[in-house]
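All remarks here apply to the structure that follows.
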There are 2 protein chains.
Amino acid sequence: MSLIVQKYGGTSVGSIELIERVAGKVIATKEQGHQVVVVVSAMSGETNRLVGLANEIQGDAPRGRELDVLLSTGEQVTIALLAMALQKRGCAAVSSTGRQLGILTDNKFNKARIKSINGARLKKSLDEGYVVVVAGFQGVDEEGNITTLGRGGSDTTAVALAAAVEADECQIYTDVDGVYTTDPRVEPNARRLERITFEEMLEMASLGSKVLQIRAVEFAGKYDVPIRVLSTFDEGPGTLITFEEDVVEEPLVSGIAFNRDEAQLTVKGVPDRPGVAAHILGPIAEENIEVDMIVQNVGSDGTTDFTFTVHRNDYNKGLLVLEDTLKNIGGGQVGGDPHIVKLSLVGVGMRSHAGIASRMFTALAQEKINIRMISTSEIKISVVIEEKYLELGVRVLHEAFELGQENEEKNSG
Amino acid sequence: MSLIVQKYGGTSVGSIELIERVAGKVIATKEQGHQVVVVVSAMSGETNRLVGLANEIQGDAPRGRELDVLLSTGEQVTIALLAMALQKRGCAAVSSTGRQLGILTDNKFNKARIKSINGARLKKSLDEGYVVVVAGFQGVDEEGNITTLGRGGSDTTAVALAAAVEADECQIYTDVDGVYTTDPRVEPNARRLERITFEEMLEMASLGSKVLQIRAVEFAGKYDVPIRVLSTFDEGPGTLITFEEDVVEEPLVSGIAFNRDEAQLTVKGVPDRPGVAAHILGPIAEENIEVDMIVQNVGSDGTTDFTFTVHRNDYNKGLLVLEDTLKNIGGGQVGGDPHIVKLSLVGVGMRSHAGIASRMFTALAQEKINIRMISTSEIKISVVIEEKYLELGVRVLHEAFELGQENEEKNSG
């Protein structure tokens with residue numbers, strides 16, 4: 001008997017009909033002899049409806065404690081309905097909020113992080129024969145305040161629960177049937193990967209392949225939880241996310257990720273002295289603006305330029321913060337561009353192969369796509385380009401690295 | 001400085017606009033120098049929407065633990081939105097679920113009763129200067145399961161909180177501006193009462209005057225909590241619910257209550273031996289069917305007839321239970337009628353005045369309204385009549401006891 005954690009996102013539980021369908025899938029798993037924990041999101045549209053109500057009162061960006069009280073109801077509705085659907089089919093099931101399972105988080109409302117989970121409570125219910133239906137995305141802080149993990153946090157809940165009870169597999173059901181070499185809507189020739197390493201997945205997720213939340217992948221890697229991404233709507237093996245050592249043959253490049261949601265902020269001509277980066281980024285972090293890429297060039301004339309990317313929603317706030325900062329530093333100009341995208345090649349194979357970067361830059365140059373920023377890690381190369389070149393850039397790179405279905409053989413490293 | 005508990009029902013918080021309006025009323029109270037606790041219901045329509053979702057899965061009567069998990073989200077949405085609306089106006093406010101305030105109930109899902117409340121937590125937040133916005137209708141049992149008090153339970157929450165923190169007044173805001181001599185939709189000449197005793201209110205509520213829940217009134221009486229019923233939409237003093245000794249002049253009859261939601265169940269020809277009533281009502285109670293009026297006539301031929309009324313929704317279930325019971329008892333026939341209503345005269349003044357009953361029966365007889373059952377207490381007389389005579393019966397009695405606006409003077413006792 002295995003212990004399986006399944007997670008169904010908002011589009012998988014978006015109607016009573018779909019909830020009934022999920023109940024069928026859960027029971028099929030249970031009838032194979034497994035213990036099953038099901039983590040669910042709010043019904044699709046529900047979170048937006050609730051945010052809409054809050055916006056009517058507080059304008060664009062209601063934040064803080066009360067938003068979490070509001071949003072956490074979305075998942076609570078789904079757990080009750082799914083538990084009822086299971087019970088109707090004769091399956092012993094019990095719902096559980098984040099609080100009831102002892103999902104303890106820090107007290108950063110709207111963006112809380114899980115600190116610990118009381119796995120014993122969950123184990124007890126499983127051992128009593130129940131399917132446990134858990135509200136994703138939520139927890140409580142040490143004072144019992146309701147917290148949420150931010151959008152997509154249900155994936156993190158699923159992986160964290162899987163880690164807490166040492167589940168054999170954490171299955172993430174979504175509306176795609178696995179992880180692809182790139183977004184099939186942009187490149188129709190994109191191919192589903194049988195497996196992908198945690199490190200690659202981490203890069204893919206953070207770079208905007210929306211299949212899995214980055215926090216979830218980090219958690220999974222840290223606690224050795226095998227994740228499988230599957231489709232709620234189609235049968236199929238999905239994509240297994242593994243540790244590198246499991247993989248025998250490694251392609252050079254696994255996929256191409258991109259992110260449309262970024263904006264670029266630039267500070268020019270600031271005094272080039274130790275600590276200037278911290279001076280610039282400190283106030284940004286204090287405003288809870290998450291920074292992605294950071295590039296600083298070698299300075300000249302005693303000044304330096306400093307560029308970084310943030311979520312597009314944080315662009316205007318970022319500009320204001322930087323202007324304040326420069327007043328304190330004494331010097332420099334603030335600039336930026338909200339119309340940029342990030343494009344990234346990801347692959348553990350590129351570690352041991354030179355020439356990937358130049359092949360990438362050459363392919364883009366041939367199409368006259370100008371590269372604004374470059375940032376590299378061991379298993380990825382990211383470039384920032386103008387937004388209008390996104391689709392062209394993805395297709396050019398997909399072809400240059402022979403990632404398409406007809407090229408599968410050639411790309412093996 | 002007084003401590004005021006205010007309760008706003010679903011129609012008072014049925015839209016963002018109305019929630020903003022409630023925020024204004026709360027702040028006006030706060031600015032008069034009072035500490036304020038606000039108890040709210042789900043936005044009107046929300047509970048029905050949630051029940052509808054459950055019904056899609058489980059059919060007519062989904063019950064049990066998961067229904068409470070589902071329904072309790074309705075109030076949780078309202079507390080978050082109202083707290084946001086207060087904060088927007090610069091008023092320090094914090095929302096609280098039933099669990100967060102330590103509202104402990106028994107574990108009778110869907111119909112739980114409050115066992116205790118942690119008043120210290122509420123007091124602490126009030127002393128820190130917060131308006132505390134509390135989700136009505138909900139609590140947790142000793143194992144941390146979410147429970148609900150049944151429809152209208154928000155009134156009970158408000159009164160129980162008022163008792164727990166020894167509030168100076170518990171104000172129930174609703175869509176009517178007080179307690180009337182009878183339903184103004186049935187008798188346009190109905191008059192708002194300045195004050196009414198707890199005992200009368202208890203009878204009025206249980207008999208179907210929907211202004212206040214009976215459990216709430218019981219609680220208020222037990223813990224000496226003064227309640228005032230007011231309109232959310234109009235200014236005015238409402239109706240104060242007092243203890244009898246406060247009332248100087250007492251009218252004979254305060255009002256006429258009625259209940260359309262009842263059905264009559266009859267058992268005929270059962271063996272007339274000790275314990276037979278318990279044998280009949282025991283299984284009814286086990287099925288959680290609440291019984292209202294009970295009438296047993298003196299028997300003859302060693303058998304007796306036994307009639308009682310239940311909520312109309314429980315009529316069919318009641319019939320089935322009775323048929324089962326009679327098989328065990330050995331004898332008797334089951335009958336009933338779902339098309340009956342109960343009409344009641346209520347007034348503490350009738351205690352010391354004979355002749356009220358005969359005046360009532362005479363008035364009804366003059367209109368050829370047949371009386372099926374009669375039941376009396378110290379301060380009320382109830383009759384069961386055919387449903388079609390309801391409006392006629394109310395008007396006849398309202399006139400017979402001179403309860404209308406032009407008769408106010410004459411009726412003083």
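The values are calculated or read from the model by the stated rules, or taken from the named source; none is laboratory data. Keep in mind the model is a prediction, meaning the values are calculated, not measured. Neighbour counts run over all protein chains shown; Cβ positions are idealised from the backbone, glycine included.
Taking the criterion of being surrounded by 16 or more Cβ atoms within 10 Å (Cβ to Cβ), among the aliphatic types (A, V, I, L, M), farther than 18 Å from A:Met204 by Cβ and at pLDDT below 90, would at least one residue in region A:373-391 satisfy it? Yes; the residues of region A:373-391 include at least one that is surrounded by 16 or more Cβ atoms within 10 Å (Cβ to Cβ), among the aliphatic types (A, V, I, L, M), farther than 18 Å from A:Met204 by Cβ and at pLDDT below 90. For A:Val22, the test of being within 14 Å of chain B (Cβ to nearest Cβ), buried (at least 21 other Cβ atoms within 10 Å of the Cβ) and touching a Gly at 6+ places or on another chain (Cβ under 7 Å) is failed.
Among the residues of region B:184-225, write down those that are part of a loop (DSSP other than H, G, I, E, B), at pLDDT 85 or above and either in contact with a His (Cβ under 7 Å, 6 or more places away or on another chain) or buried (at least 20 other Cβ atoms within 10 Å of the Cβ) (or both). Of everything in region B:184-225, those that are part of a loop (DSSP other than H, G, I, E, B), at pLDDT 85 or above and either in contact with a His (Cβ under 7 Å, 6 or more places away or on another chain) or buried (at least 20 other Cβ atoms within 10 Å of the Cβ) (or both) turn out to be B:Glu187, B:Asn189, B:Ala190, B:Arg191, B:Leu193, B:Val225. In this entry, B:Phe109 passes the filter for residues that are within 12 Å of chain A (Cβ to nearest Cβ), surrounded by 18 or more Cβ atoms within 10 Å (Cβ to Cβ) and within 26 Å of the chain's Cα centre (by Cα). Residues in region A:36-60 that are in contact with a Phe, Trp or Tyr (Cβ under 9 Å, 6 or more places away or on another chain) and of a type outside the set (A, V, I, L, M, F, W, C): A:Ser41, A:Thr47. For region B:142-164, the set of residues classified as surrounded by fewer than 19 Cβ atoms within 10 Å (Cβ to Cβ) and in contact with a strand residue (DSSP E or B) (Cβ under 8 Å, 6 or more places away or on another chain) consists of B:Glu142 only.
Residue-wise test of (1) out of contact with any Gly (no Cβ under 6 Å at 6 or more places or on another chain); (2) among the charged types (D, E, K, R); (3) at pLDDT below 95.
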site: B:Thr105; (1), (2), (3): no, no, no
site: B:Asn118; (1), (2), (3): no, no, yes
site: B:Val140; (1), (2), (3): yes, no, no
site: B:Thr148; (1), (2), (3): yes, no, no
site: B:Arg151; (1), (2), (3): yes, yes, yes
site: B:Thr157; (1), (2), (3): no, no, no
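Does B:Ile241 satisfy being on the phi < 0 side of the Ramachandran plot, in contact with a Cys (Cβ under 6 Å, 6 or more places away or on another chain), of a type in the set (A, V, I, L, M, F, W, C) and modelled with pLDDT of 85 or more? Here the answer is no, as B:Ile241 does not meet what is asked.
Pairs meeting the criteria (first residue in region B:128-155 and at positive phi, second residue of a type in the set (Gly, Ala, Ser), beta carbons under 7 Å, at least 6 apart or on different chains) are B:Gly129/B:Ala92; B:Phe137/B:Ser41; B:Phe137/B:Gly153; B:Phe137/B:Ser154.
Of all residues in region B:40-86, those that are touching a strand residue (DSSP E or B) at 6+ places or on another chain (Cβ under 8 Å), among the polar types (S, T, N, Q) and facing chain A (nearest Cβ under 7 Å) total 1.
Of the residues making up region A:8-23, those that are in contact (Cβ under 8 Å) with a residue 40 or more places away in the chain and either among the small types (Gly, Ala, Ser) or closer than 19 Å to A:Glu169 by Cα (or both) are A:Tyr8, A:Gly9, A:Ser12, A:Val22, A:Ala23.
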